[in-house]
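Structure record follows, encoded as structure tokens.
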Amino acid sequence: QVQLVERGGGLVQPGGSLRLSCTTSGITFSIYSMGWYRQAPGKQRELVARIARGQTTNYEDSVKGRFTISRDNAKNTVYLQMDSLSPEDTAVYYCNANFGLNYYWGQGTQVTVSS
């Protein structure tokens, strides 16, 4: 059974930081491309950042320079370091694992940026 468990969401003030983690089980983590998506109320889910199995990364334009995605294959975990957070970053953040036609999702973690 495949599981992706996200942790680290919460309430933070504008300008603050959060670190999300997503720990997986049931997949060969090292061969999967891992991503973080987010969905704000009334909006479509969008890609925030992705890291390929070869460590290549890509980011959505609005988070470049503020967010950093990384992975630890030994821990089957992907991270999203989020700095300089703004209210526009408020959303449910989802972890995604992709290999070929296989896609798996976590349950999501809420990130709220508010003073």
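The values are calculated or read from the model by the stated rules, or taken from the named source; none is laboratory data. In this text, all values refer to a predicted model and were calculated from it rather than measured experimentally. Heads up, the Cβs are rebuilt from the backbone with ideal geometry, glycines too, and the neighbour counts pull from every protein chain shown. Quick note on the areas: whole protein, heavy atoms, side chains included, nothing else; ligands and nucleic acids left out. Shrake-Rupley method; radii C 1.70, N 1.55, O 1.52, S 1.80 Å.
Would you call residue 7 buried (at least 18 other Cβ atoms within 10 Å of the Cβ) and charged (D, E, K, R)? Criteria not met by residue 7. Looking only at segment 8-19, decide whether some residue is within 24 Å of residue 115 (Cβ to Cβ) and among the β-branched types (Val, Ile, Thr). Looking through segment 8-19, at least one residue is within 24 Å of residue 115 (Cβ to Cβ) and among the β-branched types (Val, Ile, Thr). Here is a list: 62, 114, 70, 84. Which entry is at positive phi and of a type in the set (Ser, Thr, Tyr)? Result: 84 is the single residue among 62, 114, 70, 84 that is at positive phi and of a type in the set (Ser, Thr, Tyr). Taking the conditions (1) within 18 Å of residue 109 (Cβ to Cβ); (2) open to solvent by 40 Å² or more (accessible area, probe 1.4 Å); (3) among the aliphatic types (A, V, I, L, M) in turn, residue 74 satisfies each one other than (1).
Of all the numbered requirements in (1) under 23 Å from residue 1 (Cα atoms); (2) at pLDDT below 95, residue 79 misses one, and that requirement is (2). Would you be able to tell me the number of residues in segment 1-54 that are of a type in the set (Phe, Trp, Tyr) and touching a Gly at 6+ places or on another chain (Cβ under 8 Å)? Of the residues in segment 1-54, 0 are of a type in the set (Phe, Trp, Tyr) and touching a Gly at 6+ places or on another chain (Cβ under 8 Å).
Strands (runs of 3 or more DSSP E) fully within segment 33-108 that include at least 1 residues being among the aliphatic types (A, V, I, L, M): 33-39, 46-51, 67-72, 77-82, 91-99.
Would a scan of segment 89-99 turn up a residue that is over 11 Å from the mean Cα position of the chain (by Cα), at pLDDT 95 or above, surrounded by fewer than 21 Cβ atoms within 10 Å (Cβ to Cβ) and closer than 15 Å to residue 54 by Cα? Taking every residue of segment 89-99 in turn, at least one turns out to be over 11 Å from the mean Cα position of the chain (by Cα), at pLDDT 95 or above, surrounded by fewer than 21 Cβ atoms within 10 Å (Cβ to Cβ) and closer than 15 Å to residue 54 by Cα.
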